[in-house]
Amino acid sequence: MTPLLSVENVSVEFARGVTAVDQASLTVGRGETVGLVGESGSGKTTIGRAVLGLVPIASGRIILDGTEIQNETVTGRLASRLQMVFQDPAGSLNPARTVGYSVAEPARAAGAGSAAAGRRARELLTSVGLPAEAAARYPREFSGGQRQRIAIARALAAAPELVICDEPTSSLDLSTQAQMLNLLTSLREARGLSFLFISHDLAVVRHMAERVVVLYRGMVMESGPAQLVSTRPLHPYSQALRASAPVADVAAQRQNRAERHKLIKVSSSLPATGPDGCPYAARCAFAAPVCASQRPQPVVAGSLEVACHRYDPTSGHPQQVDLTDTIGSCATAAHEGDREGRA
Ligand SMILES: Nc1ncnc2c1ncn2[C@@H]1O[C@H](COP(=O)(O)OP(=O)(O)O)[C@@H](O)[C@H]1O
Ligand code: SF4
Ligand SMILES: [Mg+2]
C-alpha cells in the first residue's frame, strides 16, 4: 500500500553551505506513528518544516498520498491533511486572540462557518482534556502543558490525517510529559491518525512509535521497528544514543557509561570527513579510512536498515559475527569493544 507520507532523498540547504537535511528518506504509513530521533541540530525540525513546505527542498521528493508536494507552503486541501505541533506551544498561539479563536482557525480555513467553527473548537478543547469554557480565555492564562493541549486541539481542528509533532513534550515537566504522551496515544487510537513524532529522546520515541528513523547531521543512520532500534540497534550512532538515554537503576547506568566509552571516540585520528564521507566519522570509535571519504549507503539488515561501512550484511547475524573478523559488523565491534579493527 502507498504510504501516506513519503520523503525520498530529500536535502535541505541553508545559506553559508549548511546542509541541514542530507538525502534523507522516510515513510509514514496510514495510522502509523514513526519516530524521528537525533540530537539537537540533526535536522529533525527542518524535515518537518520541509514536509509542510515551510522550507524549500534542494533535491528529492515529498509525496503525500501519492501526490508530490511541490516547493510551496502547504495550503488549502493539503493543509487540512497535514498539521504540525511545535515544541514551544507559546509560539504557535496568538496571544492577542482567545483560545477558541485560535483553535477554530484551521476549521475556518477549511471552510467552516464561524458558529460551526466555534462549536468545533469547544468540542476539540474537551477532547484534549480541557473545559469547553477555555475557548473564551487567552493563552497566557494557561500552563505550558495546557497550552500544548490547545496547540494539539488546534492541529486537530482541520481533521488532518498526518500530524507532525515536533518535540511536543520537551518543554514540559516529567509528569506533564507523560500525560501528553498518553493524550497523543489516545487521540491516535480514537481518530486513526498518523504521526511523525520528532524527539531527541529515544525513550520517548520508543514509547510512541512503531518505527524509528535515526538522524545524524541530516542523514538517516538507521531505521526500523522501534523496539529493535531502541534496544538492539546496529548503527554505532544509534548505539551511542541508546547508551545515552537516561535509565533509573545504577547497574544499568554503569553499563551504559562503559558502553559509551567504547562507542564514542574522544579525539579523531582520521582526516576531516569530506562532504562524501560518513558524517559520524569524527566521533565513531569504529571509523575506518573509507568512512572519511565515502558515504555509507543504507543496507537491509533483517527488519532494520543501516547506513554504515562496517556493518557486514553477508553474515546475516550481525551480532554474532566472529570478533576476530576485523571487517565484521559495527554491532559486534560495539558490543564487544573490538578496538583492533579500527584504522
Ligand atoms: N532557518 C535556518 N537558517 C539557517 N540554518 C538553519 C535554519 N534552521 C535550521 N538551521 C540549521 O540546520 C541544522 C538543523 O536544524 P534543525 O532542523 O532545527 O535540527 P533539530 O530540529 O534536529 O534540532 C542546524 O545546523 C541548524 O543550525
Ligand atoms: S563505522 Fe564508519 S560508516 Fe559506520 S558509523 Fe562509524 S564512521 Fe560511519
Ligand atoms: Mg528541532
Practice prompt. Test Val204 against the criterion of being among the β-branched types (Val, Ile, Thr), within 16 Å of ligand 3 (Cβ to nearest atom) and part of a strand (DSSP E or B), and give yes or no.
Written response: no
Worksheet item: If you go through the stretch 301-313, how many residues are surrounded by fewer than 17 Cβ atoms within 10 Å (Cβ to Cβ) and either under 16 Å from Val212 (Cβ atoms) or polar (S, T, N, Q) (or both)?
Response: 2
Worksheet item: Quick check: anything in the stretch 246-257 among the charged types (D, E, K, R), at pLDDT 90 or above and either closer than 30 Å to Arg49 by Cβ or outside any helix (DSSP H, G or I) (or both)?
Response: no
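Name the residues in the stretch 112-151 that are outside any helix (DSSP H, G or I) and either under 30 Å from the mean Cα position of the chain (by Cα) or free of Cβ contacts under 8 Å to residues at least 12 places away in the same chain (or both), would you?
Of the stretch 112-151, the ones outside any helix (DSSP H, G or I) are 112-113, 128-131, 137-138, 142-143.
If the condition is that a residue be outside any helix (DSSP H, G or I) and either under 30 Å from the mean Cα position of the chain (by Cα) or free of Cβ contacts under 8 Å to residues at least 12 places away in the same chain (or both), then Ala112, Gly113, Val128, Gly129, Leu130, Pro131, Phe142, Ser143 are the ones that fit.
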Practice prompt. Of all residues in the stretch 19-32, count the ones that are buried (at least 24 other Cβ atoms within 10 Å of the Cβ) and either assigned to a loop (DSSP other than H, G, I, E, B) or more than 15 Å from ligand 1 (Cβ to nearest atom) (or both).
Written response: 1
Worksheet item: Can Val51 be described as of a type in the set (Val, Ile, Thr), in the same structural domain as Pro168 (by TED's automatic domain parsing) and either out of contact with any Ser or Thr (no Cβ under 8 Å at 6 or more places or on another chain) or surrounded by fewer than 18 Cβ atoms within 10 Å (Cβ to Cβ) (or both)?
Response: yes
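The values are calculated or read from the model by the stated rules, or taken from the named source; none is laboratory data. These numbers come from a predicted model, not from an experiment. With ideal geometry, Cβ positions are generated from the backbone for all residues, glycine too; neighbour counts draw on all protein chains shown.
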